[in-house]
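Q: Input: one structure, supplied below.
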Amino acid sequence: MKIPRKVILHQLGRLGYMESLAKQQSAEKTLKEITQDKEDNPPYHGSLFLVEHNPIYTTGARENGYDDKFAERLRSLNAEFYRSNRGGLITFHGPGQLVAYPVIYLKYFDLHVGTYVASLENTIIKLCELYGLKAYTCEHTGVWVNDRKICALGVRCNKFVTTHGLALNCNTDLNWFSHIVPCGIEGKTATSLSKELGRDVTIEEVTPAFLKCFKEVFGAEFDTPKELIACL
């Protein structure tokens, strides 16, 4: 029987993108310090940040022609724009979207980057199953329902520690995606749990299901000890 991996859970609510990025970076630094000490029994094995962002478009490490004029056009929509160091191309984050940032040491979870991404995708597939939706993966990263993207993924891994993560559309205003080619995939559209189910599905409703599926897929148990939160 595998010993559960202890994951520090941070439910941050509505938070700015840069603020959440700073929290990830702090958690990444702390986790790397733990792994450098080569602890066989570390106090925890990673962190999971759940957040809802204000409207923002972010690009990945591949610029793909997203110049300053392009950025200003998106800012004119009353959204922020940020060039990140995650994988993938451009996507949107905003209200009604559950964003999850796991900061974990892959070796503690017996994963490499490829199986980690697959595990994130499997977490969302399992969640969709709970709602009676048949979700799947394809040659494009992310999770799809009825040939529409319901969850985008973009991760970064450095010294086996992950940052960035996934964005699941719950009751997101999908019009935001009409101003870009999401993830650089031509001819595809975004969808949400609300659109597929024909009712309002909130982040608050989805969060317990997400945590259940993440726990099952990653073999994790969640904790929020104050002494660890204080250092992040």
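The values are calculated or read from the model by the stated rules, or taken from the named source; none is laboratory data. Only a predicted model underlies this, so the values are computations on that prediction, with no experimental measurement involved. Every residue, glycine among them, receives a Cβ derived from its backbone with ideal geometry; neighbour counts consider all protein chains shown. These accessible areas exclude ligands, DNA and RNA; they are computed on the full protein's heavy atoms, side chains included. Shrake-Rupley method; radii C 1.70, N 1.55, O 1.52, S 1.80 Å.
Q: Keeping every protein chain present and rolling a 1.4 Å probe, give me the accessible area per residue for the chain in Å². Can you show the working numbers first?
A: Values: 10880 Å² over 232 residues.
Per residue, the chain has 47 Å² of solvent-accessible surface.
Q: Still on this model: Classify the range 85-222 as rounded, prolate or oblate, taking a ≥ b ≥ c as the square roots of the eigenvalues of its Cα gyration tensor: rounded when a/c is under 1.5, otherwise prolate if a/b is larger than b/c and oblate if not.
A: Details: a/c = 1.78, a/b = 1.28, b/c = 1.40.
It comes out oblate by the Cα gyration axes.
Q: Length gain on complete extension for the stretch residue 179 to residue 119, per 0.36 nm per residue less the alpha carbon to alpha carbon distance?
A: Numbers: separation 60, 0.36 × 60 = 21.60 nm, distance 2.97 nm.
So the extension gain works out to 18.6 nm.
Q: Another one. Summing +1 for each Lys or Arg and -1 for each Asp or Glu, what net charge is found among the other residues whose Cβ lies under 9 Å from the Cβ of residue 7?
A: +1
Q: Based on DSSP H assignment, which helices of the chain show an axial Cα extent of at least 18 Å together with a mean Kyte-Doolittle hydropathy greater than or equal to -0.5? Please report the intermediate quantities before stating the final value.
A: Working: long enough: 17-36 (28 Å, -0.97); 113-130 (26 Å, 0.82); 203-218 (22 Å, 0.55).
Both cut-offs are met by 113-130, 203-218.
Q: Only one of the listed values, [x] 30, 21, 15; [y] 33, 21, 14; [z] 28, 21, 16, was derived from the coordinates as semi-axes √(5λ) of the Cα gyration tensor in Å; which label is it?
A: Evaluating semi-axes √(5λ) of the Cα gyration tensor in Å on these atoms matches [z].
Q: At a 10 angstrom cut-off on C-beta neighbours, averaged per residue, how do the peptides 102-108, 16-22 rank from highest to lowest?
A: Numbers: 102-108: 21.1, 16-22: 15.1.
Top of the packing list down: 102-108, 16-22.
Q: May I pose another question? Net charge near residue 207, counting Lys/Arg +1 and Asp/Glu -1 over other residues with Cβ under 13 Å of its Cβ? The partial results should precede the final answer.
A: Values: positive: 212, 215; negative: 52, 204, 205.
Around residue 207, the surrounding residues sum to -1.
Q: Counting only protein heavy atoms and using a 1.4 Å probe, what share of the accessible area of the chain belongs to carbon plus sulfur, as a whole percent?
A: Taking all protein chains in place, the chain shows 50 percent carbon and sulfur surface.
Q: Taking the Cα centre of the range 48-150 as origin, sum charge times position over the Cβ atoms of Lys and Arg (+1) and Asp and Glu (-1), and report the length of that vector in debye to the nearest 20. Don't skip to the end; give the middle numbers.
A: Working: 11 positive and 11 negative charges, 4 e Å.
So the magnitude is around 20 debye.
Q: Indicate the gyration tensor shape class of the range 67-155 (rounded, prolate or oblate), computed on the Cα atoms with a ≥ b ≥ c the square roots of the eigenvalues: a/c under 1.5 is rounded; otherwise a/b larger than b/c is prolate and the rest oblate. List each step's numbers first, then the result.
A: On the way: a/c = 2.22, a/b = 1.42, b/c = 1.56.
The shape class here is oblate.
Q: To continue, here is another question. Which entries of 32/126; 188/215; 134/212; 6/159; 126/215 have Cα-Cα distances beyond 22 Å here?
A: Working: 32/126 30 Å; 188/215 30 Å; 134/212 18 Å; 6/159 20 Å; 126/215 11 Å.
With Cα atoms farther than 22 Å apart: 32/126; 188/215.
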